[in-house]
Amino acid sequence: MKETLWQGLKRRLLADEVRRQVRAVLQAETDQTFTLGTHAAAAAVHERPFSERREALRQALEAWRVNPLARRIVELTTQYVVGGGITFTCEHPATSRFLHELWQHPLNQMSLRLPEWCDELTRSGNLFILISTDPGGMSYFRAVPAGQIDEIRTRPNDVDQPLEYLPAPALDGRESPAWQAYHPLEDCPQADGSFRPVMRHYAINRPVGCVWGESDLLPVLRWLSRYANWLEDRARLNRYRTAFLYIVRSRFTSEGERLARQQRLNAQPPAPGSILVADENESWEVIQPHLEADDANTDGLAIKKMIAAGTGLPLHFLAEPESSTRTTAEAAGGPTYRRFEQRQAFFVQVVGDLLGIAVQRRALAQGNRPGGGRVNPHARIRVHGGDLSARDNVALGLAGNHILAVVTQLRDRGLIDDPELLRVAYRFIGETAQVEELLQRGRAAPPSGVAPRGAGGFPPGKVDLLSGEAKQEVLT
């Protein structure tokens with residue numbers, strides 16, 4: 001059946017309109033909308049989609065840049081985790097010298113880079129460290145932003161064994177080669193003696209079965225935005241509430257006379273507190289907006305409590321004194337210090353792992369070359385973090401002082417032996433120790449010349465847990 005002239009015209013018009021709308025949609029398509037709801041082929045089921053992960057990283061970075069609360073949350077974590085300093089010890093002399101050289105190398109400057117790494121770990125939930133090694137065995141560490149990594153390829157049966165890291169394409173569309181993951185059994189010098197760059201990935205807030213971590217700011221990004229909007233609205237409302245205008249009423253003979261009077265007043269407006277003298281033909285009035293700005297402190301405090309709960313910080317850490325008593329502040333700080341302690345233990349492990357990789361590569365670079373100064377790849381490296389609170393040291397010292405009096409009495413009565421006494425004493429002062437090694441070193445050490453203390457007896461007086469000073473006894 002042949003189509004009529006009207007049907008053919010309608011078909012052509014509809015086809016042109018469909019093509020125009022499809023072209024407009026394709027031109028407006030972006031990476032964020034085109035990949036919405038998609039997953040990588042090798043991604044885990046519980047992994048965030050690619051577009052959501054990129055958007056979360058972008059929002060966290062933007063909040064850190066423009067929101068004072070977000071910046072302060074990240075700074076607090078870094079100050080407690082790294083602010084006290086990260087140190088290391090190694091009993092092997094050559095290995096210790098190499099580690100100090102690596103730590104202070106101008107291209108490493110680890111003391112300056114560690115706070116940046118902690119910021120990146122807290123802000124994005126992921127820390128990518130690129131390790132480059134020269135033919136002499138000196139390693140250099142560079143942190144790669146999490147936003148520059150598109151995909152982490154792992155073994156099909158184990159997400160904890162990464163194979164390579166795919167960087168994001170360049171602005172001109174060119175794809176960069178993937179960075180290989182570090183595998184100690186496969187790492188070896190190339191033919192020219194150099195090492196290929198390898199990457200290590202560390203993640204926090206990572207669900208089981210996932211590869212990517214999540215930012216500490218991610219649960220509170222929405223509330224940070226709401227608090228900023230609420231504060232801006234309150235500031236704008238208070239500004240307009242105090243605004244006012246003058247209305248001058250008078251009898252003018254013409255419109256030109258009125259405009260001339262208005263121009264004179266605009267050129268020299270009356271200052272607040274000044275005196276105006278007017279005749280009976282002119283009257284002044286003041287108008288101002290009657291805005292109902294009720295007390296909204298409760299609303300702002302509720303939003304700030306949500307932010308504090310989401311980040312694990314007490315309100316007085318965020319410039320909001322919830323209570324004026326010291327007891328409340330101390331009780332609120334307990335879980336926070338425990339959280340910082342866990343994060344510090346994780347970060348210390350990260351630093352120890354990187355130092356271990358550097359020592360392994362140094363040993364491979366030295367090979368069988370003759371000469372002294374060879375590092376020991378099996379030497380134990382102990383990394384130590386700074387104290388979170390001086391009050392903890394006072395409490396631990398007091399606990400160790402008291403428990404030492406108890407275990408000394410037990411040892412004198414033959415109820416425990418020397419290893420048990422040493423183990424309990426070190427446990428109560430919050431330190432870990434190799435008991436047998438300490439006993440051997442103690443037996444080999446020369447006498448100190450200090451008279452031993454009498455058996456038993458508790459330390460006299462009381463100690464303030466906040467300042468560590470002896471309390472003054474008050475006689476009544």
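The values are calculated or read from the model by the stated rules, or taken from the named source; none is laboratory data. All figures in this text were calculated on a predicted structure; none of them were measured in a lab. Virtual Cβ from ideal backbone geometry, glycine too; neighbours counted across all protein chains shown.
Of note, Ala243 does not satisfy the criterion of being among the aliphatic types (A, V, I, L, M) and surrounded by 11 or more Cβ atoms within 10 Å (Cβ to Cβ).
Each row is one residue, and each column tells you yes or no for (1) assigned by TED's automatic domain parsing to the domain that holds Leu166; (2) closer than 30 Å to Arg53 by Cβ; (3) of a type in the set (A, V, I, L, M, F, W, C).
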site: Pro189; (1), (2), (3): yes, no, no
site: Asp192; (1), (2), (3): yes, no, no
site: Arg234; (1), (2), (3): no, no, no
site: Val248; (1), (2), (3): no, no, yes
site: Thr253; (1), (2), (3): no, no, no
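In a residue-by-residue description of segment 86-93, the property of being modelled with pLDDT under 95, buried (at least 16 other Cβ atoms within 10 Å of the Cβ) and of a type in the set (D, E, K, R) applies to no position. Restricted to segment 196-239, and to residues that are part of a helix (DSSP H, G or I) and of a type in the set (Gly, Ala, Ser), which residue is modelled with the highest pLDDT? Here the answer is Ser225.
When the helices (runs of 4 or more DSSP H) confined to segment 352-465 are screened for residues that are farther than 30 Å from Phe141 by Cβ and modelled with pLDDT of 85 or more, those reaching at least 1 such residues are found at 390-412, 418-428. Within segment 258-270, residues that are under 16 Å from Leu245 (Cα atoms) sit with their Cβ atoms under 7 Å from residues that are not polar (S, T, N, Q), at 6+ positions apart or across chains, in these pairs: Leu265/Val248; Pro270/Leu276.
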